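In what follows, a structure is listed as structure tokens, so that the remarks can point back to it.
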Amino acid sequence: MAKAKKMAAAHSAPAIGVIGGSGIYDMEGVEDLQEIEIDTPFGEPSDRIRVGRLGGARVAFLPRHGRGHRILPTEVNSRANICALKSLGVRWILSLSAVGSLKEEIVPGRDIVIPDQLIDRTRHRPGTFFGEGVVAHVAFADPFCPKVSALLYDAAQAQHLNVHRGGTYVVMEGPQFSTKAESHLHRSWGASVIGMTALPEAKLAREAEICYAICALPTDYDCWYEGHDAVTADMVIQTLLKNAENAKRIARTAILSLAKRLNESCPCHSALANAIVTARDLVPPRTRAKLAFLLDKYFVKKK
């Protein structure tokens, strides 16, 4: 496997990104693999990115918590992760994520959820690329790309899995699991699943004009379900390891479908078109350089 190191810089060929959650640290079936270490203006990504080809498409795989699961949810450098994937030409991200179930009909270890909404209960994470002299407000009413969500749903159905289309994902800070009071509160909101990593990842992907959707893998019933054991880290990992093969099959099937549509456009790909409100001539040079991977598309005059 070849290794390379590069600075984050725009790559011309479109690519598909896969971000693996707990228990998912690699992808099988990807050919011509190389590992790339990328420096970004926001620091280092969670790990080296494995880049190869699958079904004629370039695929970039990044383990969210690092191989060996070394990084807490709060410590995940999502800005570096999304910036690094953007620099490799990634236009679509398939996120694989362990979650707790907040509904009895969403059965841990069996079911898959493709959520369509988010509730943010995080507190300690940088949630935007912007600031330091430049302001942008992206639309986030629908936090997941409907096209990628549909591909993940269809891929799960093609694998004959029990999959739920839609649902609200509550994102908590962690690393501790919920209290019973919190779990019942989230259920009263009508939420479907709870996890620790969908944000700020989804917000940053939207700012980076990348289509993003989640394949959520329920591992437990949080702590609301009387008669079931309270969630433990060992329970989560053991169940997720059983689910990991399903997750990888879903990702592979979705990638093969998406490979036929690499040049299609989506509103996600122009999310910044009407979002940047700061006058170009007032953006500090240092910030302008730091955010070149986002701003060049709109600030550099085409010849």
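The values are calculated or read from the model by the stated rules, or taken from the named source; none is laboratory data. A quick note: this is a predicted structure, and the numbers were derived from the prediction, not measured. Every residue, glycine among them, receives a Cβ derived from its backbone with ideal geometry; neighbour counts consider all protein chains shown.
Run down Phe144, Phe140, Phe130 and say which single residue is more than 13 Å from Ala198 (Cα to Cα), in contact with a strand residue (DSSP E or B) (Cβ under 8 Å, 6 or more places away or on another chain), among the aromatic types (Phe, Trp, Tyr) and touching a residue at least 24 places away in the same chain (Cβ under 8 Å). Steps first, please.
On the way: Phe144 fails: more than 13 Å from Ala198 (Cα to Cα); Phe140 fails: in contact with a strand residue (DSSP E or B) (Cβ under 8 Å, 6 or more places away or on another chain).
Among Phe144, Phe140, Phe130, only Phe130 is more than 13 Å from Ala198 (Cα to Cα), in contact with a strand residue (DSSP E or B) (Cβ under 8 Å, 6 or more places away or on another chain), among the aromatic types (Phe, Trp, Tyr) and touching a residue at least 24 places away in the same chain (Cβ under 8 Å).
In the list Ala156, Ala191, Ala181, which residue meets the criterion of being under 24 Å from Arg91 (Cα atoms) and either surrounded by fewer than 22 Cβ atoms within 10 Å (Cβ to Cβ) or touching a helix residue (DSSP H, G or I) at 6+ places or on another chain (Cβ under 9 Å) (or both)? Even if it seems obvious, please write down each step before you answer.
Numbers: Ala191 fails: under 24 Å from Arg91 (Cα atoms); Ala181 fails: under 24 Å from Arg91 (Cα atoms).
So the residue among Ala156, Ala191, Ala181 that is under 24 Å from Arg91 (Cα atoms) and either surrounded by fewer than 22 Cβ atoms within 10 Å (Cβ to Cβ) or touching a helix residue (DSSP H, G or I) at 6+ places or on another chain (Cβ under 9 Å) (or both) is Ala156.
Specify the residue that is nearest to Ala84 (Cα to Cα); the eligible residues are those in the stretch 18-37 that are out of contact with any Lys or Arg (no Cβ under 6 Å at 6 or more places or on another chain) and at pLDDT 90 or above.
Top of the filtered list is Ile36.
For Ile112, all conditions in the list (1) touching a helix residue (DSSP H, G or I) at 6+ places or on another chain (Cβ under 6 Å); (2) of a type outside the set (Gly, Ala, Ser); (3) at pLDDT below 95 hold save one; what is the number of the exception?
With respect to (1) touching a helix residue (DSSP H, G or I) at 6+ places or on another chain (Cβ under 6 Å); (2) of a type outside the set (Gly, Ala, Ser); (3) at pLDDT below 95, Ile112 is out only on (3).
Just give me the residues in the stretch 58-69 being surrounded by fewer than 21 Cβ atoms within 10 Å (Cβ to Cβ) and touching a residue at least 24 places away in the same chain (Cβ under 8 Å), in sequence order. Please lay out each step first, then the result.
Keep residues of the stretch 58-69 that are surrounded by fewer than 21 Cβ atoms within 10 Å (Cβ to Cβ), which gives 66-69.
Those that are surrounded by fewer than 21 Cβ atoms within 10 Å (Cβ to Cβ) and touching a residue at least 24 places away in the same chain (Cβ under 8 Å): Arg67, Gly68, His69.
Which residue out of Ala251, Ala259 is modelled with pLDDT under 95, in contact with a Cys (Cβ under 9 Å, 6 or more places away or on another chain), assigned to a helix (DSSP H, G or I) and within 21 Å of Val30 (Cβ to Cβ)?
Going through Ala251, Ala259 in turn, the sole match is Ala251.
Looking only at the stretch 126-144, decide whether some residue is buried (at least 20 other Cβ atoms within 10 Å of the Cβ), closer than 25 Å to Lys248 by Cβ and either among the hydrophobic types (A, V, I, L, M, F, W, C) or under 15 Å from the mean Cα position of the chain (by Cα) (or both).
For the stretch 126-144, residues buried (at least 20 other Cβ atoms within 10 Å of the Cβ), closer than 25 Å to Lys248 by Cβ and either among the hydrophobic types (A, V, I, L, M, F, W, C) or under 15 Å from the mean Cα position of the chain (by Cα) (or both): present.
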